Amino acid sequence: MDFKNLEIHSIKSCSARQARISECSFTDSEIQSCFMDYTRILGSRWGSASFKQMFMEKSLFDDVNLNDSSFLNLALLNTVFDSCTLNGSKFKKLAMTDSEFHSANLGGTKFFAADLRNVEIGEDCELEGMTINGISVVEMLKLYKEKQGAEKNFSSEKDVKEQKQE
């Protein structure tokens with residue numbers, strides 16, 4: 001069915017199963033209280049769109065351009081971000097407990113007023129240029145390891161001297 005140049009002001013209480021909608025324009029429209037489970041939205045432009053009070057569990061966003069978008073009051077529990085470019089992004093008032101970063105490029109990233117308690121940085125992470133309160137982390141770890149080595153040597157020498165005295 002072809003509805004070219006049809007002007008519709010309101011569609012209410014309809015049900016469409018396995019519908020195919022293409023090459024349509026819904027400019028300045030509102031879609032409210034609709035169930036769109038297992039719906040695929042492909043090759044569409046949603047510029048300046050607003051999504052509010054949405055339930056989009058188990059959704060897939062693949063090859064989607066969300067540049068200059070804002071995300072407010074989101075629940076993204078157990079969400080996977082894979083091969084995403086977030087350069088220049090700002091993260092504010094986040095709760096990311098028990099999160100993991102694998103093969104992440106955080107170069108040039110700054111943390112302000114962040115709760116970093118119990119954060120673990122693995123041995124395979126590149127730390128060159130990283131600072132905490134202006135102190136080089138690489139230099140700090142180098143001094144720590146030297147101190148640990150000196151204390152270990154001191155303990156070994158002390159044990160040897162005590163054994164000789166006995």
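Some points to look at:
- Scanning the range 14-36 finds no residues that are of a type outside the set (Phe, Trp, Tyr) and under 30 Å from residue 130 (Cβ atoms).
- Any pair with Cβ under 9 angstrom, 6 or more apart, that starts in the range 117-141 at a residue that is among the small types (Gly, Ala, Ser) and ends at one that is outside any loop (DSSP other than H, G, I, E, B): 129/136; 129/137; 129/138; 136/142
- Out of 124, 82, 68, sole residue that is under 30 Å from residue 42 (Cα atoms), loosely packed, with under 10 Cβ neighbours inside 10 Å, among the acidic types (Asp, Glu) and over 15 Å from the mean Cα position of the chain (by Cα): 68
- When 113, 104 are screened for being within 23 Å of the chain's Cα centre (by Cα) and surrounded by 10 or more Cβ atoms within 10 Å (Cβ to Cβ), only 104 passes.
- Test for residue 137: is it surrounded by 10 or more Cβ atoms within 10 Å (Cβ to Cβ) and among the β-branched types (Val, Ile, Thr): yes
- Counting the residues of the range 129-144 that are assigned to a helix (DSSP H, G or I) and hydroxyl-bearing (Ser, Thr, Tyr) gives 1.
- Qualifying residue in the range 103-119 (condition: closer than 24 Å to residue 53 by Cα and not polar (S, T, N, Q)): no
- Residue count, the range 12-23 (criterion: closer than 17 Å to residue 45 by Cβ and loosely packed, with under 10 Cβ neighbours inside 10 Å): 2
- Exactly one residue out of 61, 111 is farther than 30 Å from residue 34 by Cβ and modelled with pLDDT of 90 or more, and it is 111.
- The set of residues from the range 133-166 being among the hydrophobic types (A, V, I, L, M, F, W, C) and modelled with pLDDT of 70 or more comprises 135, 137, 138, 140, 141, 143, 150, 154.
- Matching entry among 131, 39 (being closer than 28 Å to residue 13 by Cα, over 21 Å from the mean Cα position of the chain (by Cα) and not charged (D, E, K, R)): 39
The values are calculated or read from the model by the stated rules, or taken from the named source; none is laboratory data. Not measured: the values here are computed from a predicted model. All Cβ positions, glycine included, derive from the backbone under ideal geometry; neighbour counts span all protein chains shown.
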